[in-house]
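Here's the structure we're looking at; comments come further down.
The values are calculated or read from the model by the stated rules, or taken from the named source; none is laboratory data. This structure is a prediction, so every number in the text was calculated from the model and none was measured. Please note: Cβ atoms are built from the backbone with ideal geometry, for glycine as well, and neighbour counts cover all protein chains shown. The area values use the complete protein model at the heavy-atom level, side chains included, leaving out ligands, DNA and RNA. Shrake-Rupley method; radii C 1.70, N 1.55, O 1.52, S 1.80 Å.
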Amino acid sequence: MITTVQLAARCGLSMTVNLHFFAALFVTAVMIAGLDTAHGAEVPVTQPQRLSAEAQRGKAAFEQYCQQCHGDWGQGSQSGPPLIHKIYEPSHHGDAAFFFAITRGSRQHHWNFGNMPPQPQVKQDDIPAIIRFVREVQEVNGIR
């Protein structure tokens, strides 16, 4: 069996070049996946000029329960990821994903902020309004 070092030598590559190649390959894979590996993944957000009545109610609940981690308009913060991001478009994270994240918590899977614990203090009636608020802000920012 041929080793990486032997293969690199046969191809005229030094081990340093080979390691740099794999490091570059890894960084490229992370960038292609669109994942941010650093905390503080804030994104610019265009605020809607108007919100529906339900989204206005959702914004008030969002400010009370979600803003501390996800930012004023869902742009993210040092404590939590941006919700106004293509990762959270409805075709990838439907409304049920938001509902379950709030009620059951969510394991870390796209960002390095750790697991999101359940948020039992959020009233069940407020959850659809919070989701409506996030979706309306997403729409204004081209996330459909």
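With a 1.4 Å probe and all protein chains kept in place, how much accessible area does residue 123 have, in Å² rounded to the nearest 10?
Roughly 120 Å² of residue 123 is accessible to a 1.4 Å probe.
State, to one decimal in nm², a quarter of the convex hull surface area for the C-alpha atoms of region 58-126, i.e. the direction-averaged projected area. Don't skip to the end; give the middle numbers.
Numbers: hull surface 17.3 nm².
Across all orientations, region 58-126 yields a mean hull projection of 4.3 nm².
Over region 88-144, give the accessible area per residue in Å² for a 1.4 Å probe, as an integer. Don't skip to the end; give the middle numbers.
On the way: 3220 Å² over 57 residues.
I get 57 Å² per residue for region 88-144.
Once you have the Cα-Cα distance between residue 96 and residue 139, take 0.36 nm times their residue separation minus that, and quote the gain in nm to one decimal. Please list the in-between numbers first.
Working: separation 43, 0.36 × 43 = 15.48 nm, distance 1.77 nm.
Answer, rounded to one decimal: 13.7 nm.
Calculate the dipole size of region 63-144 relative to its Cα centre from +1 charges on Lys and Arg beta carbons and -1 charges on Asp and Glu beta carbons; express the result in debye to the nearest 20. Can you show the working numbers first?
Details: 7 positive and 8 negative charges, 56 e Å.
Charge dipole, region 63-144, about its Cα centre: 260 debye, nearest 20.
Of 62, 112, 94, whose Cα points farthest to the positive end of the dipole of region 37-144 (charges on the beta-carbon: +1 Lys, Arg; -1 Asp, Glu; origin at the Cα centre)?
Highest projection toward the positive end goes to 94.
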